[in-house]
1. Output the number of the condition that PRO250 fails; it satisfies all remaining conditions of (1) touching a Lys or Arg at 6+ places or on another chain (Cβ under 7 Å); (2) buried (at least 16 other Cβ atoms within 10 Å of the Cβ).
2. Yes or no: region 278-298 includes at least one residue that is part of a helix (DSSP H, G or I), of a type in the set (Gly, Ala, Ser) and either closer than 14 Å to LEU252 by Cα or free of Cβ contacts under 8 Å to residues at least 24 places away in the same chain (or both).
3. Being at pLDDT 90 or above and farther than 18 Å from SER263 by Cβ is true for just one of GLU313, GLU342, GLU323, GLU305. Which residue is that?
4. So for region 74-82 (the condition being outside any helix (DSSP H, G or I), within 19 Å of the chain's Cα centre (by Cα) and surrounded by 17 or more Cβ atoms within 10 Å (Cβ to Cβ)), does at least one residue qualify?
5. Mind checking whether some residue in region 161-171 is surrounded by fewer than 16 Cβ atoms within 10 Å (Cβ to Cβ), modelled with pLDDT of 85 or more and of a type in the set (D, E, K, R)?
6. Please go through region 34-73 and give me each residue that is assigned to a strand (DSSP E or B) and either aromatic (Phe, Trp, Tyr) or in contact with an Asp or Glu (Cβ under 6 Å, 6 or more places away or on another chain) (or both), ordered by number.
7. Just checking, does region 188-199 include any residue being touching a residue at least 12 places away in the same chain (Cβ under 8 Å), within 17 Å of ALA156 (Cβ to Cβ), in contact with a Gly (Cβ under 8 Å, 6 or more places away or on another chain) and surrounded by fewer than 16 Cβ atoms within 10 Å (Cβ to Cβ)?
8. Any idea which residue in region 83-106 is nearest to the chain's Cα centre (by Cα), counting only those that are among the hydrophobic types (A, V, I, L, M, F, W, C) and at pLDDT 90 or above?
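The values are calculated or read from the model by the stated rules, or taken from the named source; none is laboratory data. None of the values given here were measured: they were computed from a predicted structure. Quick reminder, even Gly has a Cβ in these numbers, built from the backbone with ideal geometry, and neighbours come from all protein chains shown.
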Amino acid sequence: MRLEGLISIAPHLLKRLERFQCLTVAHPRLLVARDQLMDVIDGSLPGSLILVLGPTGVGKTTLRYKLEQFLMEQMAGVLAADPGRLPFVSVEATVPEASRFRWRDYFAQFLASAREPLVERKVLLNQDQAPTNTTMTGSQLEHSAVQLLRYRRPAAVFIDEAQHLARVASGRRLIDQLDVIKSMANRTQTTHILLGTYELLAFRNLSGQLSRRSVDLHFPRYRAESGEDVQIFKNILLTFQNQFPTVESPDLIKQWEFLYERSVGCVGILKEWLMRAAVSALKSASNTVTQQHLEKTALSISQCEKILAEAREGESRLTENEESRLHFRKALGLQPKATSRESSPAPTDAKLPKPVKRRRVGQRSPTRDPVGRKMVAHG
């Protein structure tokens, strides 16, 4: 959100609003995703692809910022000894007005984000090494990007909004899109991290080779069905409440259900919403954010329904159940594992039928003979 045009807000309140905009809450989902992603970066083979999936507004861009900061701190000594190295390269996969992804635009943006000098002035060389005035094509910009990764050796490449890669041009297959990224990662031995919505699920199993080289990392929302998630969500609200830029702090905990409802449990959506509500309150000279400010700036029910539907579909597709596992074992030719009922031993107190002992013909049945009496023989 651009704050430069808010001339109606007092300068001291505008500074507080700017601080609130830069506030990042280190909530558990974010920290877990950060640690998992660092473990995958450290443990994966060079040239691997990592897909970070989650609903829109869950905080994937904030996660990227956290990883970038962590990499800069971790590589401080290496960068001081080798100024030519880069800790990372970050690029956003944008979609032009034609709603069609173009690799030439991507590689030009890639080189610019890595601060490659004279990106717009690069020219072709003919066989005599004489410069021409022809603008570089997409494949030539790709070659420049590959050379940059080989010589600048970043620890990782972050591609934000990577679901836009699925906006393929006419005649191009979806697998060809990801093959370009895989080829770059393989040729430069650089780990590529694709952050995006559940639309990235379309890339998961395009081929066996891609499946082998890819790692999935799920960054989920907070769910109201979990009591632990609800408590964490309230703690996040308390942090925002204590840092709120208005003169008086609002009671966000009291309205947690409404705040959860219109954020769908996504902290990124919540933060953007609270920023809009704070601007609305400050522009109206209100001392705090009221219910009216929150309702005025909240997403509509239809918008939230769309976000929730996409989130639930993505969550279900990432969930592996026992039925799918048994089906896979059968396809491998493995016997399905016994269920708990089949594998559990019989109870020790169960009454089993006694074995029947068969006697020879004419053999007397075992009985107790009377004691102290004379046996009378019957003729």
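1. (1)
2. Taking every residue of region 278-298 in turn, at least one turns out to be part of a helix (DSSP H, G or I), of a type in the set (Gly, Ala, Ser) and either closer than 14 Å to LEU252 by Cα or free of Cβ contacts under 8 Å to residues at least 24 places away in the same chain (or both).
3. Exactly one residue qualifies, and that residue is GLU313.
4. No: region 74-82 contains no residue that is outside any helix (DSSP H, G or I), within 19 Å of the chain's Cα centre (by Cα) and surrounded by 17 or more Cβ atoms within 10 Å (Cβ to Cβ).
5. No.
6. Within region 34-73, LEU51 is the sole residue that qualifies.
7. yes
8. VAL91
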